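Structure, as structure tokens:
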Amino acid sequence: MLNLLGLDLDALAAFCESLGEKRFRAVQLYRWIHQRGAADFAQMTDLAKAFREKLAGRAVVSGLPLLTEQASADGTIKWLFDVGGGNAVETVYIPEADRATLCVSSQAGCAVGCRFCSTGHQGFSRNLDAGEILAQLWFAEHRVRASRGLKPGERAIDNVVMMGMGEPLQNYAALVPALKTMLDDHAYGLSRRRVTVSTSGVVPMIDRLMQDCPVALAVSLHAPNNALRDQLVPLNRKYPLDELMQSCARYLAAAPRDFITFEYCMLDGVNDSPQQARELLDLVRGLGDESRTAVACKFNLIPFNPFPASGLRRSPRERVLAFGQVLNEGGIVTTIRKTRGDDIDAACGQLAGEVQDRTQVDQRMRRQPVTVHRRAAPPSFAAASTEVPRP
Ligand code: SAH
Ligand code: SF4
């Protein structure tokens with residue numbers, strides 16, 4: 001049975017056409033599913049009975065089975081969904097005073113294997129399909145609307161960030177239809193600036209995203225040079241920093257925002273020295289001419305969220321502030337990400353739904369402990385030295 005949650009409006013229209021129905025019927029159906037949260041065709045009373053019967057014989061609107069729901073003291077909610085075969089993925093709802101953000105997963109596990117990421121430590125099991133990606137928003141939007149008693153037309157979720165489990169640009173074919181439904185006015189109607197794809201730097205797919213579905217882009221940088229980034233984000237060996245920066249510059253030409261967000265996970269004694277911040281300034285200057293740098297990128301510093309197998313530590317607060325100050329003084333808007341939902345392990349990089357690892361990456365990582373040499377006497381920042389052995 002075809003899961004209609006995975007179809008963008010054009011695909012749904014083509015499917016309806018194959019059943020002898022006009023496009024406007026597909027629009028009605030699409031609105032029932034996404035705007036009303038309907039899963040049962042019988043409920044869709046303004047569609048002809050014959051059409052509903054045809055649909056019922058061929059298609060379903062199938063959400064993901066919910067395994068657990070955990071609510072944090074700060075209002076963050078984490079849902080764990082079963083995606084079959086012993087795998088589960090997580091979705092996190094993050095309310096703020098004036099808006100709410102949903103953090104969506106794209107894969108069960110992740111093949112990139114970043115050192116500091118618990119999803120990366122789990123290895124990779126499989127891609128989610130478009131319906132499984134969109135099902136997270138479909139569920140969360142209607143769940144929160146119901147629990148908050150919102151009226152039809154009132155939105156529960158204002159932003160979507162593809163920052164849950166997985167590397168979205170390594171699941172491109174499923175990602176794009178899901179993004180299109182997020183953006184479609186007949187579905188969730190989110191603006192391109194409020195849907196963010198976060199990537200560890202799959203360069204060719206950044207270029208394709210620009211053409212197929214330009215949304216806000218966040219790039220997980222984590223290091224100012226290739227030597228360190230090769231160790232933290234193994235994908236860097238395939239797509240090194242100069243290529244990544246060039247693709248970011250190209251993306252800016254089409255991006256809905258006039259900046260790219262660089263995410264930078266602050267690891268104690270590894271990537272958090274003021275010298276490394278200065279190196280970053282040099283790196284991102286290439287993004288535009290000197291005068292454009294200030295608007296061409298922003299930095300979001302993420303205090304590392306520890307998990308047992310990482311062997312890494314969070315940078316002390318003053319170190320994060322000092323790092324941010326160097327970037328700020330270099331003309332780059334820099335924010336420090338607030339840690340949300342850490343009492344329910346819902347913070348960045350702590351998402352670790354069940355994954356049947358097909359790659360044994362965790363065992364490989366555990367055999368290579370990270371060695372961090374702390375400087376003897378802070379604040380002699382320049383003396384920080386780090387050694388992260390190569391796999
Ligand atoms: N695969 C994509 C999106 C998912 S990760 C990417 O890497 O961009 C979302 C963000 O959380 C990334 O910036 C990632 O580097 C960061 N992150 C991963 N593990 C983390 C941890 N343990 N602490 C803090 N941030 C982490
Ligand atoms: Fe994958 Fe992103 Fe985690 Fe790296 S940080 S392992 S790319 S999910």
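The values are calculated or read from the model by the stated rules, or taken from the named source; none is laboratory data. Just so it is clear, the structure is predicted and the values come from calculations on it, not from any experiment. A quick note on method: Cβ atoms are made from the backbone with ideal geometry, for glycine too, and the neighbour counts reach across all protein chains shown. The area values use the complete protein model at the heavy-atom level, side chains included, leaving out ligands, DNA and RNA. Shrake-Rupley method; radii C 1.70, N 1.55, O 1.52, S 1.80 Å.
Descriptive notes on the structure:
- Karplus 3J(HN,Hα) series, Hz, for segment 46-54 with 6.51 cos²θ - 1.76 cosθ + 1.60 (x for Gly, Pro): 8, 9, 4, 4, 4, 5, 4, 5, 4
- Dipole moment magnitude, nearest 20 debye, segment 66-366 about Cα centre, only Lys, Arg, Asp, Glu C-beta charged: 100
- Segment 198-247 and segment 4-78 have their alpha-carbon centroids 34 Å apart.
- Near Ile260, the amide H atoms lying under 5 Å from its own belong to Cys297, Lys298; only residues 5 or more places off or on other chains count, and H is placed 1.01 Å from N.
- Taking amide H positions as modeled 1.01 Å from N, with prolines and chain starts lacking one, the residues under 5 Å from Arg126 and 5 or more places away or on another chain are Ala108.
- Note on the chain: with a GNM built from Cα contacts shorter than 10 Å, the maximum mean-square fluctuation among Leu55, Leu190, Leu244 falls on Leu55.
- Full extension of the chain segment joining Gln275 with Arg208 gains 20.7 nm, where the gain is 0.36 nm per residue of separation less the Cα-Cα distance.
- In order along segment 268-275, the Karplus-derived 3J(HN,Hα) couplings, from 6.51 cos²θ - 1.76 cosθ + 1.60 at θ = phi - 60°, round to 4, x, 10, 9, 10, 8, x, 4 Hz, and Gly and Pro are given as x.
- Peptides ranked, highest mean first, by Cβ atoms within 10 Å: ranges 270-277, 338-345, 67-74, 164-171: 164-171, 270-277, 338-345, 67-74
- Accessible area per residue in Å² at 1.4 Å probe, computed on the chain: 42
- Projected label points at Arg58 and Leu150, each 7 Å from Cα along the beta carbon direction, are separated by 3.2 nanometres.
- Residue by residue, segment 153-167 carries 3J(HN,Hα) couplings of x, 7, 9, 8, 10, 9, 10, 10, 10, 7, 10, x, 6, x, 9 Hz when phi is fed to the Karplus relation 6.51 cos²θ - 1.76 cosθ + 1.60 (θ = phi - 60°); x denotes Gly or Pro.
- Cut-off under 5 Å, modelled amide H: who pairs with Ile336 long-range: Leu301
- Of the solvent-accessible surface of the chain, computed with a 1.4 Å probe and all protein chains present, 50% belongs to carbon and sulfur.
- Length-normalised contact order for segment 66-366 - Cα pairs under 8 Å, 6+ apart - percent: 22
- Theoretical gain in end-to-end length, Thr45 to Phe24 [0.36 nm per residue, Cα-Cα removed]: 6.1 nm
- Entries of Lys238/Lys298; Lys78/Lys298; Lys22/Lys78 with Cα pairs more than 32 Å apart: Lys22/Lys78
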